[in-house]
């Protein structure tokens, strides 16, 4: 089975034991790899009622079969766990070079069990694997940790680590790898709960390909499909994801002031060209993950700071700028940059971080919290300096930062009263930077995402709001962005294809603008592995993965009510733009999507007949056995 390494590394941090095992062939047959493999591990190995920060939870790093190959953007690692933020399945996808290096070292997956009795790192150097004491790294931020490990091990190692946010078990904590992140759901907190500060890997092996000539032939087709998409290979290649800012704003989908509005009237100063052209203040450097054609990462250095030193701000992506900018009413690149800097070094999710601040700002303006609750901060919308300071405090759980370090929903529950009315979350996870009143597809995506509000399951506003077609997935005519009662059959296929990217190990930016064809990706998998596969089977593997995630969430108490957006979107009309005045019809949207997926409309899981069709009757019977 070429493409896979057929080796899983299992590390018990409690006992210190290190073992190797072959890939579970049934997992590969059903779920392909990556996220699917990781979720199958959760289903089979973790008690379904386990607390996310307990030793019973596992943390697994899972590559896909394409990870480490010459395929465009074949860099991805899916990190799976039970989420301390949402209490659902946790699945956070990370780029950088870590996943490819793990494959080169000879492993498809690494599973961390238990908890070390003191801070440790794990060093993987091909066949040599060690657990090393790491008290000297505890308390260091992500950049400091990475640099210290480069000095100790050598810069050829690829590092994944946590900052103080993960050490202090913030539910917003990420796993950091070369300024890429496993960002959402609290993976860093789970890593911190295990006293695991970092994982370092170096590999000298290679990925075997069944039919190299055919693989390279199809890979050339894939690269052409990606490069032929004008917007991807134009503005996004040039500016990175911030190229979306003006389009999202003009379409009435840019979250502004905690979704009070859907259009930011002060956007011009934070358009990407104003970052690139301000050479006196900023230096923007192009970076790319392993085997990437697009190079969407733009590493920002802020010059002439108050300290007199240049500051490596890190990646300023669309989601980061939108969360720390319009969502908080801020239009200063300097403030957005410094807020991102603190989130980066302390290792916190920029989306949930910015969203939590915007909720706090509305709570402040509504009089629900005061300056006294905020250590004297005047937390009005637009106060960028106060935003930066509260984020710094969150990263260290300092003062009032402790209240907000686990996200807006936990903070609101502690504050009480009407505070929950101002949290824009689904299943405890903050909604990212698309106002669903401008896209019926995003209403469903945010509501039904198995890990909590997620814009990548799928990002389908490309189709219904921006007017793209995806003929290879059956989307051959424009969809209505404002009709929640329209059939969602097309959305089911698009979501499954997005999930396929997480199973197979490539970046979903290959599909976000309808670039890469599912038929092409299936041909690549066939040439890589020698396993004859068509696009229908790829989508079916994603459908099984989603079904398993829903089954596990069901076991953890999630139902239809948990697939709904905050009331603001159903009761307050959109402020401006094409969707002006529009409110979400949540019930119709859910009904149409559940019908497309053959879900029970109250349990929010596939029906017995659908589980049988997917060859997963054992999963359904397992659900029955628990009731």
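Readers should treat all values here as calculations from the given coordinates under stated rules, not as data from a laboratory. Just so we're clear, the structure is a prediction, and the values are computed from it rather than from any experiment. Note that each Cβ is placed from the backbone with ideal geometry, even for glycine, and that neighbours are counted across all protein chains shown.
Residue ranges 277-286, 583-592 sort as 583-592, 277-286 when ordered by packing (mean number of other C-beta atoms within 10 Å per residue, highest first).
With the cut-off at 1.5 for a/c, could you classify segment 511-627 from its C-alpha gyration tensor as rounded, prolate or oblate? It is oblate, given that a/c is not under 1.5 and a/b is not larger than b/c. Segment 130-147 and segment 281-307 have their alpha-carbon centroids 24 Å apart. Rounded to the nearest 500, the 222 nm mean residue ellipticity of the chain from helices alone is -11000 deg cm²/dmol, with -39,500 (n - 2.57) taken per DSSP H run of at least 4 residues. Here segment 256-423 was treated as a single set of alpha-carbon atoms; its pair distances binned every 10 Å from 0 give 11, 39, 33, 14, 3, 0 percent. Rounded to the nearest 0.05, what FRET efficiency do residue 277 and residue 398 give with R0 = 35 Å and r taken as the Cβ-Cβ distance? Could you check? So, using R0 = 35 Å, E works out to roughly 0.45. With a Förster radius of 41 Å applied to the beta-carbon distance between residue 54 and residue 477, the computed FRET efficiency rounds to 0.25.
Compactness of the chain is given as radius of gyration and Dmax, 22.6, 67 Å, from Cα positions. Length gained on full extension, residue 305 to residue 45, computed as 0.36 nm times the residue gap minus the Cα-Cα distance: 88.7 nm.
DSSP assigns beta bridges within the chain; of those with both partners inside it, close to 80 percent run antiparallel.
A simple packing score, the average count of other Cβ atoms within 10 Å per residue, orders the peptides 396-408, 366-378 as 396-408, 366-378, with the highest score first. Taking the square roots of 5 times each eigenvalue of the Cα gyration tensor of segment 360-413, largest first, gives ellipsoid semi-axes of 15, 13, 10 Å.
Comparing Cα centroids, segment 501-566 and segment 399-462 end up 22 angstrom apart. In terms of packing, defined here as the mean over residues of other Cβ atoms within 10 angstrom, the peptides 493-506, 458-471, 530-543, 349-362 line up highest first as 349-362, 493-506, 458-471, 530-543. Considering segment 296-366 at the alpha-carbon level, its Rg and Dmax are found to be 12.4, 39 Å. Taking segment 325-358 and a reference point 7 angstrom along Cα→Cβ of residue 246, no backbone N atom is nearer than 13 Å.
Once the chain from residue 217 to residue 17 is taken as fully extended at 0.36 nm per residue, the excess over their C-alpha distance is 67.7 nm.
Past the 11 angstrom mark, what percentage of all C-alpha to C-alpha distances in segment 470-518 do you count? That fraction is 70 percent.
On full extension, the segment bounded by residue 375 and residue 537 gains 52.8 nm, given 0.36 nm per residue less the C-alpha separation. Binning all Cα-Cα separations of segment 1-156 at 10 Å, short to long from zero, yields these whole-percent fractions: 10, 37, 40, 12, 0.
Rounded to whole Å, the principal axis extents of the Cα atoms in segment 586-627 read 31, 22, 9, largest first.
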